[in-house]
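Visitor: Structure incoming, see below.
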Protein chains: 2
Amino acid sequence: MTSSDCPVLDDTKKPRRRNSDLTVHELKAATTEQLINQGLSGLSIKPILDKAGVSRGALFHHFPTKNHLIAAAFADLLQSFSEALHQSGSDLRSGRIDVSAFVEQVVETFVSDMFIGSMEIALGIRVEPDLSELVKEAVEEWRVSLAAFWNETFELKGMDTAAAAQHWAMASNLLRGHAFTSTYGVEPGARLAFCKSFEKLILNEAVIKKETA
Amino acid sequence: MTSSDCPVLDDTKKPRRRNSDLTVHELKAATTEQLINQGLSGLSIKPILDKAGVSRGALFHHFPTKNHLIAAAFADLLQSFSEALHQSGSDLRSGRIDVSAFVEQVVETFVSDMFIGSMEIALGIRVEPDLSELVKEAVEEWRVSLAAFWNETFELKGMDTAAAAQHWAMASNLLRGHAFTSTYGVEPGARLAFCKSFEKLILNEAVIKKETA
DNA sequence: CACTACAAACCAATCGGTCGGTATGTCAAG
DNA sequence: CTTGACATACCGACCGATTGGTTTGTAGTG
């Protein structure tokens, strides 16, 4: 999470005064890191500021409220989450990896920091209506993207659209459940066992779509 | 969550000075309610005190730390959770309900306040090592109880112990995933669809054990 | 008298957020 | 090229409210 990750650093064009984009990026990065490592309750302004190396004034200059910052950081997180899944799907369709490796990757993505962050926010929005509002759009995008991920990767023979949707909903639920279980800590081997079960239970009748490129 | 739920209200026996047991119970009840309705971050001492109608001094007289109170409340919650499941299992084995109703009940139990509370704590213990320690025992009991629930309710033909354990782990993951998904809000019908899919995916080859009573 | 069970004043630390001030940059007029 | 008006980016002292926890005192009981 260094500043080199930021794609918006070319000060070559357009009027930009100080380091506005950088500051915002650092702020979001620090927020994400805190969210994952310390949870929602660890999202106090002070540690975020310290970690980002930014002043209180700068934060409230760029974001009207702490929750606005959190929402912005979370939107970025969900997008990374989504991109990781689509990448795995693409790898599978192109033949770069096989189904087992695909499942491992997908499970890995779910049992990652990103999912933890999602859980934190999911619980947070139950209590904070304004945060819920701020995050709504990003969550909806994520929902659509997840459905698209399954549908663009696999075909389910003999299932209509609704049945397929339900099938992938179950797949997603399984992954979420496993990810949640993992937060309590898992014994070694459980991950692998889950992958194998998942493959058998969910992907048995699924056909990989051919690369259309 | 009224005080009438309390099984410890018979002041008829033994030396008890004031209302010690009552106070403790009110404290735990208020904590649970706050945990569910306001999340971990809503577990401030003040609102708990207000809700329980108890003073600060009383709390710290009975619990050395806020986290001790939380852990105690959570242990109660997990036990209720467990009891609800075992009740459903018993109802099924005795023939009082059929498989569909059983699945509905179990799903209902998972998508309840109790699961929300578990999620909150699960995330909380990632960040607070001492809370993690305080809760450890209750969580382990819950784990065992959940496994027992499946095994005492169903038999899986042609599966050894390990395979059966893995099968029920997947079942539990599905339920957890669905419960988590539900926290974001579900469209009507999704619950039913999940129940049907669950029954087909998980309980297809499961045989209900006979009532041994 | 000793002990439990409580009540409530009190504490330092921290919370999210505001505000006045300054440094830096753009732009248009002279 | 200089100058002054104006906007943006930022800093950090400060605010009232709230945090978990301590302490001191007291009412009731054996």
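Visitor: Mind checking whether some residue in the stretch B:133-145 is open to solvent by less than 40 Å² (accessible area, probe 1.4 Å) and free of Cβ contacts under 8 Å to residues at least 60 places away in the same chain?
Guide: no
Visitor: Output the number of the condition that B:Asn37 fails; it satisfies all remaining conditions of (1) within 16 Å of DNA strand C (Cβ to nearest atom); (2) without any contact (Cβ under 8 Å) to a residue 12 or more places away in the chain; (3) within 19 Å of B:Ile125 (Cα to Cα).
Guide: If we test B:Asn37 against (1) within 16 Å of DNA strand C (Cβ to nearest atom); (2) without any contact (Cβ under 8 Å) to a residue 12 or more places away in the chain; (3) within 19 Å of B:Ile125 (Cα to Cα), just (1) comes out false.
Visitor: Checking B:Lys66 against (1) open to solvent by 30 Å² or more (accessible area, probe 1.4 Å); (2) within 9 Å of DNA strand D (Cβ to nearest atom); (3) more than 14 Å from chain A (Cβ to nearest Cβ), which test does it fail?
Guide: (3)
Visitor: Starting from the stretch A:177-198, keep only residues that are facing another protein chain (nearest Cβ under 7 Å) and open to solvent by less than 50 Å² (accessible area, probe 1.4 Å), then list their pairs with residues that are among the basic types (Lys, Arg) and in a helix (DSSP H, G or I) whose Cβ atoms are within a distance under 7 Å, requiring at least 6 positions of separation or different chains.
Guide: As it stands, the answer is A:Gly177/B:Arg176; A:Phe180/B:Arg176; A:Thr181/B:Arg176; A:Thr183/B:Arg126, since those pairs meet every condition given.
Visitor: Give the residue, chosen from B:Ala58, B:Ala84, that is without any contact (Cβ under 8 Å) to a residue 60 or more places away in the chain, within 26 Å of B:Thr153 (Cα to Cα) and either buried (at least 16 other Cβ atoms within 10 Å of the Cβ) or not assigned by TED's automatic domain parsing to the domain that holds B:Val139 (or both).
Guide: Just one listed residue meets the conditions, B:Ala84.
Visitor: Now a separate question. I'd like to know if the stretch A:200-212 contains one or more residues that are in contact (Cβ under 8 Å) with a residue 60 or more places away in the chain, more than 8 Å from every other protein chain (Cβ to nearest Cβ) and under 24 Å from B:Tyr184 (Cβ atoms).
Guide: no
Visitor: So, one more: Being surrounded by 14 or more Cβ atoms within 10 Å (Cβ to Cβ) and either over 24 Å from A:Glu133 (Cβ atoms) or modelled with pLDDT under 95 (or both) is the filter here; which residues of the stretch A:44-55 pass it?
Guide: Of everything in the stretch A:44-55, those that are surrounded by 14 or more Cβ atoms within 10 Å (Cβ to Cβ) and either over 24 Å from A:Glu133 (Cβ atoms) or modelled with pLDDT under 95 (or both) turn out to be A:Pro47, A:Leu49, A:Lys51, A:Ala52, A:Val54.
Visitor: Please give the helices (runs of 4 or more DSSP H) falling wholly within the stretch B:69-186 in which 2 or more residues are in contact with a Cys (Cβ under 7 Å, 6 or more places away or on another chain), at negative phi and modelled with pLDDT of 95 or more.
Guide: B:99-110
Visitor: Could you tell me whether B:Val103 is touching a residue at least 40 places away in the same chain (Cβ under 8 Å) and open to solvent by 20 Å² or more (accessible area, probe 1.4 Å)?
Guide: The answer is no for B:Val103.
Visitor: Is the stretch A:3-17 home to any residue that is open to solvent by 70 Å² or more (accessible area, probe 1.4 Å), at pLDDT 95 or above and outside the structural domain of A:Phe110 (by TED's automatic domain parsing)?
Guide: Checked against the condition, which is being open to solvent by 70 Å² or more (accessible area, probe 1.4 Å), at pLDDT 95 or above and outside the structural domain of A:Phe110 (by TED's automatic domain parsing), the stretch A:3-17 yields no hits at all.
The values are calculated or read from the model by the stated rules, or taken from the named source; none is laboratory data. Here the structure is a predicted model, which means the values were calculated and not measured. We place every Cβ from the backbone using ideal geometry, glycine too, and count neighbours over all the protein chains shown. Remember, those area values only see protein heavy atoms, side chains included, never the ligands or the DNA or RNA. Shrake-Rupley method; radii C 1.70, N 1.55, O 1.52, S 1.80 Å.
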